[in-house]
Structure formats: C-alpha cells, structure tokens
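Below is one structure; the comments refer to it alone.
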Amino acid sequence: MTTKIFRRISCTLILLFSFIFTVNAQSSDAEYTISGNVIDDDLEVPLEYATISVTNVNNPQDVTGGVTDLEGNFSIEVSQGTYNIKVEFISYESKNFNNRNINSDLDLGTIPLGVSSSSLDEVVVRAETTQVDVRLDKKIYNIGKDLTTQGGTVSDALNNVPSVSVDVEGGISLRGNENVRILINGKPSAMAGFGDTNVLSQLPADAIERVEVITSPSARYGAEGTAGILNIILRKEKTLGLNGSLTLNGGIPAVAGISANLNYRTENFNLFTTTGYRYYDAPGNSYNNTEYFTYTNEEGELVEPRFDRLIEDSETERLNRGFNTNVGMEYYITENSSITGSIFFRTGEDEDLTTNITERFIDSDLVQGTTRTERQEEEDESYQFSLNYINRFDDNGHQLTADLQYEDDNETQFTFLDENIDFDETGESLFIPRERVVTQETQKEYLAQADYVLPFGEDSQFEAGYRGNFENEVTDYQLEQEEEGTNVFLFNENLSNIFDYSENVNALYTQYGTKLGDFSFLLGLRLENTQLKGDIDSELTENELLEEFGFPIDTEFDKNYLGLFPTLNLIYELGEEENITLGYNRRINRPRGWFINPFPSRSSRTNVFQGNPNLDPAFSHAFDLGYLKRWEKLTFTSSVYYQHEIDAFERVQQSTGEQTAEGVDIIRTIPINLSTNDRTGGELGLLYNPADWLRLNGSFNFFQFETNGEFNGENYGAKNTSWFARFSSKVTLPAQIDWQTNAFYRGPSEEVQGETEGILSIDLALSKEILNENATISLNARDLLNSRKRESYTTTEFFNRESRFQWRQRQVTVSFIYRFNQQKREQERREEEENGDGDMGGDF
C-alpha cells in the first residue's frame, strides 16, 4: 500500500483546518502573499497536497495555511507580521522557515522535501548512479543519471538495473528467469513490442523516467509473468511552461540518432512528447560446430548420418532505421478530474545480410563447402491510442480511474535465400534450391481497465478493479522454392500457412492494506479467465500434419482457464533505517503466438524453431523474503526467494528425421511443458558513498533451478546453478568530469541439454556539464572488451553442438544533451540562494 493512503486521508483534515484558519485570518486585513513550489527532492516532481501552516510568532493562536495544487504550488494571504512557516507532506521530512518578517510579498521559491525513513511502505536510498525506492510490492530504480545509458536504448538501460539481465539477443530476464512481463506506464503496450523485446532496442533510453522491478506483484497487476513484472515509466514533465531536452548521438559501428523530450504545461492542460529517429548498424557473428551420431529412429531402424560433422561460420550486417513518437495531452476538466490522451507511432526499416560459410565432413575429411546468403528486409509500423480518465471524489484519495487502449502492429518481412557450392568432393550432383519467403504479421490489442480506490480509517485503504485484454495475431507465412533445372519458384504447400491466434483475458481484483504500528500489510486476490484460441489454415490435413511434424496438430483449438491469484505483501520496520519484507503471489505464464505456431521458422536450412500448439499455460507459487539496512554512507539490501512452477516451458532440440538436399539432418527446437520447475535464489546489493566524489554500487544474484519432466518418452530433467553480478562506480574527476564504469558478469549455467559459458561485459562513460550546466556531452563505450558473446555446448542422442553467438559488437558513442527550462537547474539555483540566506531552519 503506497504512501498516498496517508496523504489523501490527511488532506481532508488539512483542508478543514485550512478553512478554519482562513476564517480566523479574515478578521485582519490580508495584505501580503506567501507563495512557493514544493517538489520531491529525489524525483524532482511536484508534490500535490503538501501542507503549509503559517503561525504568528507574537500570537500563536493566529494560524493559517493551505495545501499545494497539482503543480505543487501554494499561495497564502497574511497580514503584516512575523511568522513561522512549516511545509509538510505525509512520509516526507518537513521544512521550517522561522521568524520571517512579512511586510511584502514573500516567494519561498522551490522547496524540496526528502522522504522520511518512517514511511509506511517505502525506504529511499539515494545514490548518484542509481536511486532505489523500496515499496511494499516493488523496487523503483531512477536510472536517469546513469551515464552509460546516454545515447543508448531502453534495452541498454534495463541491463543496468539490478536483478535484470539482457542477453546477447535482447532477451530480458529477471533474476535469471525469462518469464518476465514488460509493461509501459503500468499497461501492456505496443512500445514493448507485443512481447518482442527487440523493439526496446529501438527506443531511446532518455525516454525513461524510472523502472519498477516488481518481483512480488500485488493484485492490482496482471498475473502474467512467473518471474515478475518490469514496469517502464516514461517521462512526462509537470513544470509550468515550455521545457524539455534535445539529444544528439553518433558513433561506431555506424550509429546516429536524434531525440527530443518536450513538455508544455498551462493551468488547464499539459502537452508532452518524446520523439526520436535512430539509424544504426549492428554487425554480429555466430559459429556452430555440430557432430552427428548414428541413432535409432521411432521405427527401430538404425539411421546413419550423411555427414558426421558440419561447421557453420556466419557474419551478419544489420542496417536498422527507426522513427518513434509519443504525443499526448492531459486536460484538467475540474480541479479533481482530468483526461489524458496519447498517440504512439513507430516505424522501422531493417536490411540484414547474413553470409554463412558451411563446411561438411565425412570421417573427419572435409568433402564439401557452400556459401549461403540470406537477404532480409523488414518493414514495421505500430500504432497505439490511449485514453485515461481520473476523478478524485474528495481530497483524501477516494478516486476512480479508467483506461482505454488500442494497438495495431503490422510487419512485413521479405527473405531471399541463395546457397552456392564452393567445392564438392563427394562425386554427387548436388542441387540446393533458392528460396523466397514472405511473412506478414498483423497484431491488434484492445485494453479496457477501471480501478477504484477507497481510503478509510486512519491508515487503511480498499481497492478494486477490472481489466480486459483482447489480443489477436495473424501470421501469414508463404514459402517458394526453386525447381531444379527450370529456375522457376514453386509454392511449398507443406510449410506455407496462415496462423490466426487470439489471447483474451478478463480479470477482476480487490485488495486491502493497512498499517498497525511498525507492521504493514497488503492483501489481494485476483480472478482471471484466459482464453487461448487458434486457427491454422494449411493445405495439409491433420493426418498429413501428424506425418509432417511427428506429433498431433490441432488445427483449431479453443482453451479456457479460470484461476484465482492471491497476493500478500508484508513489511515490518525494525527501526528507522531497517526493515524486513515478505511477499507471496501466484502467477501464470501464457504461451505467446510464436511458441504455439507449429510451422517452422528457420535460422538455417539445418536448424528450425517449431512452435507447439499443445502448450498449456504454466502456473507458479513464489515467495520472497527481503531485508534492508541503512547506515550513514552504506546501504545493504538482500532477499531470498523460492518459486515452484507447474507445466514450465522448456525448449528442447531433437532430430526431425528429415535431411537437406545434401543429406544433413535437420534439427528442430520445440517448446514443451515440463512437469515442474523449482527455482531457489538469493540476491544482495550494496550502495556505498564514501565521499562526494566517489559512489559505488554493486549487486550479486545467485539462483538454482531443477526441472523434471519428459517429452516423447525422453527424460529432460536437469539441475542448474548459476549467478550474475554487476558493479558500478562513479568518480568525479578534476574539472567536474564524471567517469562511470559498469561491469556485468553472468556465470556459467547448465541447461536441459547442455551448458552455457560465463559472459563478461564492461561499459565505460565520461561526461561533462557545459553551457552553464544546461548541456551535457558524454563519451560512451559499450562492451569495452568486445566480450559479450554467448558460448554454449549442446548434447543429445542425435548430435553434439558447440556454438558461439555475438549479436552486437563493441560500440562507441558520443552524445550531446541540451536542456532548456528544466526544473532541476532552477531548483539548484534557488536552493543555493536559500542556503546562503542562512534563515532556513527545521529538519532537512
């Protein structure tokens, strides 16, 4: 339960007292005005409903006051005299302005308030590189000051968040678990790419205000994602007038971009936009060395591979161009209600060229070599329309919010495959057909949501709400292959198909929270109904599909799942600087469309990924126990967690029983439901600020999981222990140059059918404030050692494979950021003036 519970409750009493004080003050002539603006010291955003009390020093019974408005502004009229002024906000430290002689209007300027450690559900940890806000059901990381993300993307920013890791292909995991739900501003969004996290590599990092890591989600959040939720909050300034920033960046390999964050606010409306264009080349490479074995097929026949070894060495050139914009307006209908509308648009053009050199061996002798080129062009457009309404029935937090959202994504991909024979000592005539593939994907999503909040009592709050998510994805896959001797491309009806997939989720939730002394809890229950519906339009019958793929294919399925998802979050304050938290939640992991589509997508002619329409959702129970302790310069955070997952997804590799034209076995990767997955782990973090010029931040995460289950009579049980650690240091050098280094290491891990080596990655950045601190120029090197490569070894009864993959090589970027009318600079100037005046008293 958030601190808003207390803020809203207190507002009712404050407004009542303010009314009484104002009536008393009217007995004297009001001649002068005391004004100012109250903001959060860490997040630098206005504090609405902060309390200002003004007491006459010579007559303590003469008291007046008021509360701040939406922008954190206040204005109070008083008669001439000497006054003590106190600024307060629930869960924040108060500030006093004592013995102020009022004989003219007084502008106190910007008044920053810091959060009190005795808050109900949060403890704030301050650091220059990372800011951590610990809540009952989440941790909030303010990453805006991280130098290594300047000029980077959202994926780069997420890779610097504790507990989060982004692999070499852009896949995001939380505490080593890939089943994480990505939200934008608390809702599913086209900005997150309908589950395709590669989209996040196209959005600028400076569009992010903060990231919420929700490892123990409360009932107000959807139950999707067994690992938890990452909620990305985008920037939206609240300062009056026109303000914003402009970012330019460029680097090598070729990268160039421009983005702008603009905001214009008046008393009646707020206009905001984040717009950017990005051009970049992301060269990558991969290597596969596969050794094939003689094996017995399902009919008991001995199968001898045509080649006993195959080596593939490939280089990829990626040229990506993308434009994105998010434009919105918030209109204040009344003092207590507003409506916000926004439009998000993204368009991208990708041109990739992959050259794969393949060598084939018989009895360890190199007998054949080919060069395969894959040219791929992709055009992508995404739209999102959002509408939000909020109505505050009173000033103590009683409110209703409603959201409507529509998203549309259209993607067309053209692929041309051409493989030429470099040499052939087999003595056989070999024909490798050219291929043309056209894939069209259309995705639509509708969202309707309503949330109701009712505070009652002194420290209690009730919440209830509804969310409906309705998604549809249509994939049209058309494959043409060259006919031998004619140069004519023929339609392949065995692999071509149209897959229509829908996921509809209706949910109701309720939760209650309260504080009892040093103990606080938040108890919730969520009811969700899931419908997974699919229709496969193929030229093949179900019997032919069974023969083609080796297992039954339901071409038209409609599955429904109804489930209860309880949540419980507890916090106990051991002291002002120390607390213990405990969380429990039940979660669901629904298979995405590409996990269900049975028609293969091919990374090469010998390796295919094939979805499994028989997949069911996975369910989990998760427990999390955390501890936090703060000293003057050191903060320690830790947690241990356990998760038991049923029907967990696992990708396995197996032989299809088919071969390419030259006789190489085709290996497929397929997701399956394993029976159980038990995950146990622990993490700890340290924030150490020994001096003003040095700040250190480190975290360590250790986890172990054990899977049990079988598929097609084969046991796929495995036990895996792994860990990852990150370290960040920020040093202020002479001439006010900031130097930041981030290091990340992911330890080796064991998989169901093999193992993966450890990965080390180091980022370095130098930054300097210029132009009277209105601009910043920075130099950034990502993956300084060019070591971010995934190396793995896979073993099955059919083959052994040694693999190496690097999605993006080392990148060096120069960025320039210019800010205008930013609240931060104005705040610092006013703070210097106030501190220099020497007249500010009270608690800091």
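The values are calculated or read from the model by the stated rules, or taken from the named source; none is laboratory data. Just so we're clear, the structure is a prediction, and the values are computed from it rather than from any experiment. Every residue, glycine among them, receives a Cβ derived from its backbone with ideal geometry; neighbour counts consider all protein chains shown.
Data table
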item	result
Failed condition for G397, given (1) assigned to a strand (DSSP E or B); (2) touching a Pro at 6+ places or on another chain (Cβ under 8 Å); (3) under 28 Å from G468 (Cα atoms); (4) not basic (K, R)	(1)
Matching residues in the stretch 52-72 - criterion: being more than 14 Å from I34 (Cα to Cα) and of a type in the set (S, T, N, Q)	N58, N59, Q61
Residue that is farthest from G397 (Cα to Cα) [pool: residues in the stretch 407-458 that are polar (S, T, N, Q) and loosely packed, with under 14 Cβ neighbours inside 10 Å]	S429
Test: residue in the stretch 512-531 that is surrounded by 14 or more Cβ atoms within 10 Å (Cβ to Cβ), assigned by TED's automatic domain parsing to the domain that holds Q443, more than 30 Å from I432 (Cα to Cα) and at pLDDT below 85	no
Flag for E757 being in contact with a Pro (Cβ under 8 Å, 6 or more places away or on another chain) and either assigned by TED's automatic domain parsing to the domain that holds Q811 or over 23 Å from F649 (Cβ atoms) (or both)	yes
Leading residue by the ranking (modelled with the lowest pLDDT) among those in the stretch 224-240 that are over 16 Å from L522 (Cβ atoms) and of a type in the set (A, V, I, L, M)	L240
Sole residue being at pLDDT below 90 and outside any strand (DSSP E or B), chosen from E769, E834, E750, E755	E834
Test result for I571, surrounded by 19 or more Cβ atoms within 10 Å (Cβ to Cβ), over 30 Å from T475 (Cα atoms) and in contact with a Leu (Cβ under 8 Å, 6 or more places away or on another chain)	yes
Exclusive hit being surrounded by 14 or more Cβ atoms within 10 Å (Cβ to Cβ), in the same structural domain as G698 (by TED's automatic domain parsing), over 30 Å from N243 (Cα atoms) and out of contact with any Gly (no Cβ under 8 Å at 6 or more places or on another chain), set I777, I762	I762
Qualifying residues in the stretch 273-297 (those that are touching a residue at least 60 places away in the same chain (Cβ under 8 Å) and more than 21 Å from R788 (Cβ to Cβ)) - the one nearest to the chain's Cα centre (by Cα)	T274
Residue selected from the stretch 288-304 under the condition among the hydroxyl-bearing types (S, T, Y) and touching a Phe, Trp or Tyr at 6+ places or on another chain (Cβ under 8 Å), by the criterion modelled with the lowest pLDDT	Y295
Residue list for the stretch 487-511, filter: surrounded by fewer than 17 Cβ atoms within 10 Å (Cβ to Cβ), on the phi < 0 side of the Ramachandran plot and either part of a strand (DSSP E or B) or without any contact (Cβ under 8 Å) to a residue 12 or more places away in the chain (or both)	V488, F489, L490, F491, I498, N504, N506, L508, T510
The lone exception for T606 - which of (1) of a type in the set (S, T, Y); (2) over 23 Å from T215 (Cβ atoms); (3) touching a His at 6+ places or on another chain (Cβ under 9 Å) it fails	(3)
Single residue of the stretch 459-486 satisfying the filter (surrounded by fewer than 16 Cβ atoms within 10 Å (Cβ to Cβ) and over 30 Å from L400 (Cβ atoms)) that is nearest to the chain's Cα centre (by Cα)	Q478
Selected residue [of a type in the set (K, R), at pLDDT below 90 and assigned to a loop (DSSP other than H, G, I, E, B)] from R819, R808	R808
Residue that is nearest to G257 (Cα to Cα), among those in the stretch 315-341 that are small (G, A, S) and free of Cβ contacts under 8 Å to residues at least 60 places away in the same chain	G341
Single residue of L400, L387 found to be farther than 27 Å from L319 by Cα, surrounded by 15 or more Cβ atoms within 10 Å (Cβ to Cβ) and either under 31 Å from the mean Cα position of the chain (by Cα) or of a type outside the set (A, V, I, L, M) (or both)	L400
Residue in the stretch 634-649 that is modelled with pLDDT of 80 or more, assigned by TED's automatic domain parsing to the domain that holds G717, surrounded by fewer than 20 Cβ atoms within 10 Å (Cβ to Cβ) and small (G, A, S) present	yes
Residue check for S286: closer than 30 Å to G186 by Cβ and surrounded by 20 or more Cβ atoms within 10 Å (Cβ to Cβ)	no
Looking only at the stretch 444-486, and only at residues there that are part of a strand (DSSP E or B) and small (G, A, S), the one that is farthest from T530 (Cα to Cα)	S460
Some residue of the stretch 736-744 being under 27 Å from P671 (Cβ atoms) and either within 27 Å of the chain's Cα centre (by Cα) or modelled with pLDDT under 90 (or both)	no
Filter result for the condition that a residue is under 26 Å from R668 (Cβ atoms) and without any contact (Cβ under 8 Å) to a residue 40 or more places away in the chain, over E769, E757	E757
Tally, over the stretch 29-50, of residues that are more than 18 Å from T266 (Cα to Cα), modelled with pLDDT of 80 or more and in contact with a helix residue (DSSP H, G or I) (Cβ under 8 Å, 6 or more places away or on another chain)	0
